[in-house]
């Protein structure tokens, strides 16, 4: 049985060891108001290292914006090594839309939002006085199951502390870490769509269902599946195939007869 407090300490030590061995001074992380970034930023704060957390709204729903700020307040009340910045990137998105004009779609603009946030985090991490790394917030189901992230957006990070944790394990860590209940109870969303669609709306299944599918494929139970389970397995495999280009290494042409 997993000791969640011990696991939190192990991940915290892993983050600190990586940073120390690579001469890093600061942990840089975006805080969305969701469970994954809340857990990851708390683990970063627990290292005792300078931790910079960012609320990066882009025409954000008030509920997401407020949850992000509430979590930042929670961090700063509990750890004095946490600094924060709020940078509204809405005007940058508007400028980009005006530049590409009609050559965009809801999907490309959603991905642009994620890439804009990534670029902003790396801007700060790369400053000489900060000397930081960007810390990823993806979990195992997203990063290695269904590829539910933006390539070179939220997938553009230096380290991924919770990428080997299933979503249910992230929630268990959140409870152990004392993450505010509103975040634990909120419907997961990537916050990239104007219509406020949730992750479940986009994925066609809950994280619990996708987690089950991932485990079932890795270690088949051998039992007969219900109709809904068959639907979820089909959806999981569909997403896994469609997003494999994100999860696999970039293809490289290899020269065979170089003189």
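Could you please tell me the mean projected area of the C-alpha convex hull for segment 165-245, averaged over all directions and given in square nanometres to one decimal? Please report the intermediate quantities before stating the final value.
Working: hull surface 28.1 nm².
With the hull built on Cα positions only, its mean projection is 7.0 nm².
Only Cα pairs under 8 Å and at least 6 apart count here; give the relative contact order of segment 24-174 as a rounded whole percent. All intermediate terms of the calculation are to be shown ahead of the outcome.
Working: 246 pairs, mean separation 41.0, N = 151.
About 27 percent, as a whole number.
Once R0 is set to 35 Å, what does the formula 1/(1 + (r/R0)^6) return for the Cβ-Cβ distance between residue 1 and residue 200, expressed as a FRET efficiency to the nearest 0.05?
On the way: r = 29 Å, r/R0 = 0.82.
E between residue 1 and residue 200, to the nearest 0.05, is 0.75.
Between segment 78-100 and segment 109-156, how many Å separate their Cα centres?
For segment 78-100 versus segment 109-156, the Cα centre distance is 13 Å.
Report the calculated FRET efficiency for residue 107 and residue 144 (r = Cβ-Cβ distance, R0 = 22 Å), to the nearest 0.05. Walk me through the intermediate numbers first.
Numbers: r = 22 Å, r/R0 = 1.01.
Taking R0 as 22 Å, the efficiency between residue 107 and residue 144 is 0.50.
Label points 7 Å out from Cα along the Cβ direction at residue 226 and residue 91: separation in nm?
Inter-label distance under the simple model: 5.2 nm.
What full-extension length gain, to one decimal in nm, is calculated for residue 248 and residue 22 as 0.36 nm per residue of separation minus the Cα-Cα distance?
On the way: separation 226, 0.36 × 226 = 81.36 nm, distance 2.53 nm.
Using 0.36 nm per residue and subtracting the Cα-Cα distance, I get 78.8 nm.
Taking only Cα atoms of the chain, what ratio of Rg to Rh do you get with Rh as the Kirkwood inverse-distance radius? Can you show the working numbers first?
On the way: Rg = 19.1 Å, Rh = 19.5 Å.
Reported Rg/Rh (Cα atoms, Kirkwood Rh): 0.98.
Determine the calculated [θ] at 222 nm for the chain from helices alone, applying -39500 (n - 2.57) to every DSSP H run no shorter than 4 residues and normalising by the residue count; nearest 500 deg cm²/dmol. Can you show the working numbers first?
Numbers: 11 runs with 130 residues, N = 259.
Per the formula, -15500 deg cm²/dmol.
Evaluate the relative contact order of the chain (contact order divided by residue number), counting alpha-carbon pairs under 8 angstrom at least 6 apart; express in whole percent. If you can, show how the numbers build up before the last one.
Details: 360 pairs, mean separation 52.3, N = 259.
Once normalised by length, the contact order is 20 percent.
Coordinate-derived values only; no laboratory data. What you see is a predicted model; the values in this text were computed from it and never measured. Backbone-built Cβ (ideal geometry, glycine too); neighbour counts: all protein chains shown.
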